[in-house]
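Notes follow the structure.
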Amino acid sequence: MVGMEVLVVGSGGREHALALGLSKSESVSVVHCTPGNAGTSMVAINHGVLTTDIEGIVKLASDLRVTLVVVGPEGPLVAGLSDRLRQESIPSFGPHSEGALLEGSKIHAKMVMDSLGIPTGRFEKVEDLESIEGCLKSFDSPWVIKRDVLAGGKGVTVTSSRKEACEALRIGIESDGYVLIEEHLSGEEASVLVIMDESGFVMLPASQDHKRVGNNDTGPNTGGMGAYAPAPVATPSVLTRTREEIVEPMHHYLRNSEIPYRGCLYVGLMIDEEGSPSVVEFNVRLGDPEAQVTIPLFESDLGEALLAAAEGRLAETDVEFRNVHASTVVLASEGYPGNVISGRIIEGWDSAIDEGQVLGFTHLAGATRAESGELISSGGRVLSTTGIAPSLSEALEASYQIIQGINLKGSHYRDDIGFRALR
Ligand code: AMP
Ligand code: GLY
């Protein structure tokens with residue numbers, strides 16, 4: 001396939017990375033994005049349909065006669081966007097709504113894992129305020145409490161404080177009718193993004209996100225404050241075990257479901273000291289900011305690979321990765337991950353590094369262009385600065401060199417991204 005037009009759905013840094021990767025694909029002639037952001041507008045044509053407007057996106061894809069739709073976030077997948085696109089015979093990279101339940105319902109994901117014998121933490125569903133005390137006794141501290149709602153990684157409380165744990169359980173029960181308490185898994189996390197269809201799967205180089213807002217993994221959970229790839233914690237032996245104990249059983253289960261799973265299965269791993277991987281969570285899409293550090297590692301044509309998965313012929317497609325390192329550091333608005341202050345001018349975001357083997361540039365996320373041409377913050381995670389280099393330390397150096405030159409009042413970023421790999 002050459003000269004295809006692709007529509008990317010979403011408006012974050014992940015979608016900027018997707019649009020950029022697709023725009024560099026030989027197979028792709030035009031990239032569209034909806035609704036996109038100021039970053040996607042530099043490499044794609046932005047459209048005004050929001051990710052909540054499923055019928056609007058289907059109509060846009062039909063009107064544009066795109067060859068492929070690539071769905072970034074989970075919301076439209078859970079809401080059935082891929083189901084509707086397939087009814088219109090438009091290939092979609094992203095699972096149907098039933099497949100998306102792996103992310104949409106944590107209980108469903110746990111039950112699937114239990115039925116397949118996939119390693120993951122023990123859990124209990126808590127429905128009564130009266131049973132809170134008993135639950136806290138049957139799990140050891142630190143307690144892990146998860147609301148079963150789509151919360152962008154922010155609906156999870158991990159705490160050694162009994163008071164905080166009680167509070168999280170109470171809030172969950174009162175808001176949603178029930179909440180989950182889960183065995184605490186210790187070790188080091190990694191994200192393995194798996195492109196999958198019924199014919200086969202491809203594991204992308206493992207990456208590592210940094211979920212907590214502050215240095216040394218302190219403060220509340222966020223959507224992700226920075227990432228790098230490949231992550232050395234995912235040794236060849238860990239990756240073999242991940243493939244055999246998690247990805248293969250999941251692929252077998254999903255390929256045999258009534259409608260095949262075509263898209264990305266994001267495997268959030270906890271790797272313990274012995275190198276045993278357990279699943280912390282599944283997501284049904286590329287991670288953000290993991291996409292910003294894995295998409296640049298594609299050696300093969302990204303458009304071809306995503307189209308092959310959307311058409312169920314991934315097994316015929318060779319997907320290769322470059323032997324380089326990538327890092328990205330998120331710049332967040334004042335207040336993130338709590339109440340965010342938006343609408344401020346961002347300066348210095350467009351500087352880039354191009355020194356042959358070392359590249360540095362900015363992936364924009366919650367940033368829009370004002371009529372005056374200025375870039376204005378419009379969300380929690382505003383942008384991330386990405387470095388690509390022969391070594392992780394050089395990639396990080398590029399990321400930090402760029403972020404240090406950016407000016408956004410009240411913003412913050414972590415200055416220890418990659419610390420586990422550099423240790
Ligand atoms: P989730 O939304 O399920 O990915 O959870 C967000 C973050 O909370 C994860 O990336 C982990 O850092 C932490 N977390 C979730 N579940 C557990 C667990 N069972 N044990 C330890 N940490 C966890
Ligand atoms: N970075 C975590 C996620 O995308 O869920």
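The values are calculated or read from the model by the stated rules, or taken from the named source; none is laboratory data. Everything numeric here is computed off the predicted structure, so don't read it as measured data. Positions of Cβ are generated from backbone atoms using ideal geometry, with glycine treated the same way; all protein chains shown enter the neighbour counts.
Here are the numbers for this structure:
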quantity: Leu314 being in contact with a Pro (Cβ under 6 Å, 6 or more places away or on another chain) and surrounded by fewer than 24 Cβ atoms within 10 Å (Cβ to Cβ); calculated: no
quantity: Odd one out for Leu85, checked against (1) modelled with pLDDT of 95 or more; (2) of a type outside the set (D, E, K, R); (3) within 16 Å of ligand 1 (Cβ to nearest atom); calculated: (3)
quantity: Index of the failed condition, Ile417 passing every other in (1) assigned to a helix (DSSP H, G or I); (2) touching a residue at least 40 places away in the same chain (Cβ under 8 Å); calculated: (1)
quantity: Residue within the range 329-336 that is closer than 23 Å to Leu396 by Cβ, crowded, with 24+ Cβ neighbours inside 10 Å, modelled with pLDDT of 95 or more and in contact with a helix residue (DSSP H, G or I) (Cβ under 7 Å, 6 or more places away or on another chain) present; calculated: yes
quantity: In the range 169-188, residue nearest to Ile132 (Cα to Cα) [restricted to those that are of a type in the set (Gly, Ala, Ser) and within 12 Å of ligand 1 (Cβ to nearest atom)]; calculated: Ser186
quantity: Residue that is surrounded by the most Cβ atoms within 10 Å (Cβ to Cβ) [pool: residues in the range 337-383 that are in a loop (DSSP other than H, G, I, E, B) and under 18 Å from the mean Cα position of the chain (by Cα)]; calculated: Ala365
quantity: Residue, nearest to ligand 1 (Cβ to nearest atom), within the range 196-225, restricted to residues that are over 20 Å from Ser327 (Cα atoms) and assigned to a loop (DSSP other than H, G, I, E, B); calculated: Glu198
quantity: Residue in the range 251-260 that is within 16 Å of ligand 1 (Cβ to nearest atom) and in contact with a strand residue (DSSP E or B) (Cβ under 7 Å, 6 or more places away or on another chain) present; calculated: no
quantity: Single unsatisfied condition, Glu334 versus (1) over 15 Å from Ala231 (Cα atoms); (2) touching a strand residue (DSSP E or B) at 6+ places or on another chain (Cβ under 6 Å); calculated: (2)
quantity: Counted residues, the range 140-165 - those being surrounded by 15 or more Cβ atoms within 10 Å (Cβ to Cβ) and more than 29 Å from the chain's Cα centre (by Cα); calculated: 0
quantity: Within the range 128-139, considering residues that are surrounded by 14 or more Cβ atoms within 10 Å (Cβ to Cβ) and over 30 Å from Glu290 (Cβ atoms), the one farthest from ligand 2 (Cβ to nearest atom); calculated: Ser131
quantity: Given (1) more than 16 Å from the chain's Cα centre (by Cα); (2) within 16 Å of ligand 2 (Cβ to nearest atom); (3) surrounded by 17 or more Cβ atoms within 10 Å (Cβ to Cβ), number of the condition Pro220 does not satisfy; calculated: (3)
quantity: Residue within the range 93-108 that is farther than 28 Å from Leu60 by Cβ and buried (at least 18 other Cβ atoms within 10 Å of the Cβ) present; calculated: yes
quantity: Number of positions in the range 143-194 that are part of a helix (DSSP H, G or I) and either within 15 Å of ligand 2 (Cβ to nearest atom) or out of contact with any Ser or Thr (no Cβ under 6 Å at 6 or more places or on another chain) (or both); calculated: 13
quantity: Residue in the range 202-216 that is among the basic types (Lys, Arg), more than 21 Å from the chain's Cα centre (by Cα) and surrounded by fewer than 20 Cβ atoms within 10 Å (Cβ to Cβ) present; calculated: no
quantity: Every residue from the range 250-294 that is farther than 16 Å from Gly94 by Cα, within 16 Å of ligand 2 (Cβ to nearest atom) and assigned to a helix (DSSP H, G or I); calculated: Glu290, Gln292, Val293, Thr294
quantity: Filter pass, Tyr228 being within 23 Å of Val156 (Cβ to Cβ) and more than 15 Å from ligand 1 (Cβ to nearest atom); calculated: yes
quantity: Close pairs (7 angstrom Cβ cut-off, 6 or more residues apart or separate chains): under 19 Å from Gln292 (Cα atoms) in the range 329-340, aromatic (Phe, Trp, Tyr) anywhere; calculated: Val329/Tyr400; Val329/Tyr413; Val330/Tyr413; Leu331/Tyr413; Ala332/Tyr413
quantity: The range 111-127 - residue that is touching a residue at least 40 places away in the same chain (Cβ under 8 Å), assigned to a helix (DSSP H, G or I) and within 15 Å of ligand 1 (Cβ to nearest atom) and, of those, surrounded by the fewest Cβ atoms within 10 Å (Cβ to Cβ); calculated: Val112
quantity: Some residue of the range 293-306 being within 16 Å of ligand 1 (Cβ to nearest atom) and within 21 Å of Glu103 (Cα to Cα); calculated: no
